[in-house]
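**Q** Starting off with a structure, shown below.
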Amino acid sequence: MQISPRFTIAVHTLLCIARFSGSQKVTSAFIAGSVNVNPVVIRRALGQLKEAGIVLVEAGVGGARLARPAERITLLDVYRAVDCVQGDLFSFHANPNPECPVGRNVHAVLDGEVAAAQHALEQRLSETTIADLDAEVELQLAKEGSRA
């Protein structure tokens, strides 16, 4: 199973908004140029982020901006906003055979493990903000400048 690219597209979108909104209008077409996708994909992501209260979007070419400071937007907020996974991260196969010793016990031995794994992912995502990633972009830009 793979987490949908909607997550990374949404994070990329928020990073563009955080980085460029002070200097220019950040439109879906502008963001799409950075992500290298059709602007419709960005408009869909912006719609989900807007519904979650993460961005504000002005109609037409008004652009998008963060609805709250980047320090208060976590990757977990984004993960939940774009519905990149429906329900639990791990889905369980239906109807294990109750006549088999493994089949009748698989839930007892595996449910806790997959719940813990999902919790660990969500905990890690909650520790990183858009501001943290924007600072990492700044470091990468500084490295690029020192190579030139």
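The values are calculated or read from the model by the stated rules, or taken from the named source; none is laboratory data. All figures in this text were calculated on a predicted structure; none of them were measured in a lab. FYI the Cβ positions are ideal-geometry reconstructions off the backbone, even for glycines, and counts take in every protein chain you see. Heads up: the accessible areas ignore ligands, DNA and RNA and are worked out on the full protein's heavy atoms, side chains in. Shrake-Rupley method; radii C 1.70, N 1.55, O 1.52, S 1.80 Å.
**Q** Pick from L133, L76, L125: which is of a type in the set (A, V, I, L, M, F, W, C), surrounded by 15 or more Cβ atoms within 10 Å (Cβ to Cβ) and touching an Asp or Glu at 6+ places or on another chain (Cβ under 7 Å)?
**A** The unique qualifying residue is L76.
**Q** Determine whether G112 is open to solvent by less than 100 Å² (accessible area, probe 1.4 Å), out of contact with any strand residue (DSSP E or B) (no Cβ under 7 Å at 6 or more places or on another chain) and either aliphatic (A, V, I, L, M) or part of a helix (DSSP H, G or I) (or both).
**A** Against the criterion (open to solvent by less than 100 Å² (accessible area, probe 1.4 Å), out of contact with any strand residue (DSSP E or B) (no Cβ under 7 Å at 6 or more places or on another chain) and either aliphatic (A, V, I, L, M) or part of a helix (DSSP H, G or I) (or both)), G112 qualifies.
**Q** Within region 1-41, track down each residue that is among the hydrophobic types (A, V, I, L, M, F, W, C), more than 17 Å from the chain's Cα centre (by Cα) and over 17 Å from E136 (Cα atoms).
**A** If the condition is that a residue be among the hydrophobic types (A, V, I, L, M, F, W, C), more than 17 Å from the chain's Cα centre (by Cα) and over 17 Å from E136 (Cα atoms), then V26, A29, F30, V40 are the ones that fit.
**Q** Restrict the check to region 91-105 and report whether at least one residue is touching a residue at least 40 places away in the same chain (Cβ under 8 Å) and either β-branched (V, I, T) or part of a helix (DSSP H, G or I) (or both).
**A** no
**Q** Which of the residues belonging to region 6-23 are open to solvent by 80 Å² or more (accessible area, probe 1.4 Å) and in contact (Cβ under 8 Å) with a residue 12 or more places away in the chain?
**A** Across region 6-23, the qualifying residue is only R6.
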